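Okay, structure first, notes after.
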Amino acid sequence: MPPAADHHFYRPCDGHGLPHDPFNAIVAPRPIGWVSTRGSDGTVNLAPYSFFNAFAYSPPIIGFASTDRKDSVTNAEATGAFCWNLVTEDLAEAMNATSASVPADVDELAGAGLTAVPGAVVDVPYVAESPVAFECRTSQVIRLTGADGTPAASWLTLGEVVGVHIAHELLRDGLYDTAAARPLLRAGGPATYFGIRPEHRRDMRRPG
């Protein structure tokens, strides 16, 4: 069946024919995987990943995907641990600073003017300025493949959350207030981000 005339249709293998790949702008907005790790030599690494999400309740599993095998993947696999730090609107510039490509022996956390706090469960520090952090034990590092089995230049790192830090002011009557945290979300395009506001909230109960 031919594509609808009022749609832009393309096959990714042939290119999109647009000024910028729309894929990650369509799958958006996404939480940012601001991942801290520790190298085998003890150096702390901090880097943001726009392909990040939660994947399971019990045990709680989160994961981030890296294009090419970057330091975060290597460290998380070698040491068996990593931390996720919530990026808020106030931390936008610091997060962006940690996206720079630097040698593996450079401490991005210190370079961005952030404070490292030793993990309570894993031997990886989290970001003191972030109001929420997950300490994780690495559970799987998977090289992704295409539908035909061809290896992709992308690695998915999954980890079990074994420690959770939440700033007290974000707990309202025992419930976590997502909007109050003012999380920064990646929205595709060359440099697009969004925030969350209380007026955008909609509650819907599952049927049945």
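FYI, it's all coordinate maths here, none of it is from the lab. All values derive from a computational prediction rather than experimental measurement. Note: ideal-geometry Cβ built from the backbone for every residue, glycine included; neighbour counts use all protein chains shown.
Could you grab the relative contact order for the chain? Cα pairs under 8 Å, six or more apart, rounded to a whole percent. Please list the in-between numbers first.
Working: 415 pairs, mean separation 48.3, N = 208.
Across the chain, relative contact order equals 23 percent.
So what's the net charge close to Asn24: Lys and Arg +1, Asp and Glu -1, counting the other residues with Cβ under 11 Å from its Cβ? Display every interim value, and only then the final one.
Details: positive: Arg30, Arg186; negative: Asp21.
Neighbourhood net charge equals +1.
Provide Leu18, Leu185 in ascending order of the number of other Cβ atoms located within 10 Å of each residue's Cβ, fewest first.
Values: Leu18 10, Leu185 17.
Exposure proxy ranking, most exposed first: Leu18, Leu185.
Largest mean-square fluctuation among Asn85, Asn45, Asn96, in a Gaussian network model of the chain whose springs join Cα atoms under 10 Å apart, belongs to Asn96. The residue list Ala54, Ala97, Ala128 was ranked by how far each Cα lies along the charge dipole of the chain toward its positive end, using unit charges on Cβ atoms, and Ala54 comes out on top. Using just its DSSP H runs of length 4 or more, each adding -39500 (n - 2.57), the chain gives a mean residue ellipticity at 222 nm of -2500 deg cm²/dmol after division by all residues.
Largest GNM mean-square fluctuation across Pro131, Pro118, Pro198, computed for the chain with C-alpha springs under 10 Å, falls on Pro198. Per-residue 3J(HN,Hα) values for the stretch 70-80, derived from phi via the Karplus relation 6.51 cos²θ - 1.76 cosθ + 1.60 with θ = phi - 60°, read 8, 4, 4, 5, 4, 5, 4, 6, 5, 9, x Hz in sequence order (x marks Gly and Pro).
At 10 °C and 1.306 mPa s, what whole-number value in µm²/s does Stokes-Einstein give for the translational diffusion of the stretch 30-192, with Rh from the Kirkwood sum over Cα pairs? Each step should come with its number before you reach the end.
On the way: Rh = 16.0 Å.
Estimated diffusion coefficient is 99 µm²/s.
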